[in-house]
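Worksheet: the structure to be examined is printed underneath.
The values are calculated or read from the model by the stated rules, or taken from the named source; none is laboratory data. Every value quoted in this text rests on a predicted model; they were computed, and no experiment measured them. Here the Cβ is made from the backbone with ideal geometry for all residues, glycine too, and neighbour counts use every protein chain on show.
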């Protein structure tokens, strides 16, 4: 939700003004984080160090500017390198996004390729023990470690109330599940779906609020910031 839809993975960049907005939000809300399927290194220069970044669904993260990797994931680097080579040979470099600890096979530029990519990813997952995950116009091969946006959200939300999540992809559904778990413990939660031509209907159906694209998400966050600043001002007075 930080950027619009891009034709190529490397073309997705954070919207102008969004980085400053996140910092302002963190100043009044206490904790703001970006949870992504991208590697931390991809987001490192885009997201200010005041904001925690969780990459690859929680296999790596950045806290106070320092990068960390889940030690259980490290043994899978060699398997990922092999899969990247095989996928590049089979489908071409433009289809394959290497992420160090996982890889993504994109079919946005060629939707007819989706069945072949899915079949190939499923076969490789069975052979290597990696997980085959569907994502936005893509398929992922991920280490078989119980880490997703839901586990990341629950860890980041410790001692917070209320907790909100803004998402636009199938990978955000576990984060909504994490909010359901927090609900059970009496935490106030908010699920925001960012709508687009590629947004999965199930995400919209699970959401408390649906906004129109990244611009709508930014508008909502600015509204939350204004209300939080006003409430803080009233509390101080």
Can you pull out every residue in the stretch 32-53 that is touching a residue at least 40 places away in the same chain (Cβ under 8 Å) and within 16 Å of residue 169 (Cα to Cα)?
35, 37, 38
Starting from the stretch 191-203, take each residue that is closer than 7 Å to residue 168 by Cα and list its partners that are part of a strand (DSSP E or B), counting only C-beta distances under 6 angstrom and pairs at least six apart or across chains.
193/210; 194/211; 195/210; 195/212
Answer yes or no: is there a residue in the stretch 165-181 that is in the same structural domain as residue 60 (by TED's automatic domain parsing), in contact (Cβ under 8 Å) with a residue 60 or more places away in the chain and more than 30 Å from residue 77 (Cβ to Cβ).
yes
Condition first: surrounded by 13 or more Cβ atoms within 10 Å (Cβ to Cβ), in contact with a strand residue (DSSP E or B) (Cβ under 8 Å, 6 or more places away or on another chain) and part of a helix (DSSP H, G or I). Can you find one or more residues in the stretch 129-145 that meet it?
no
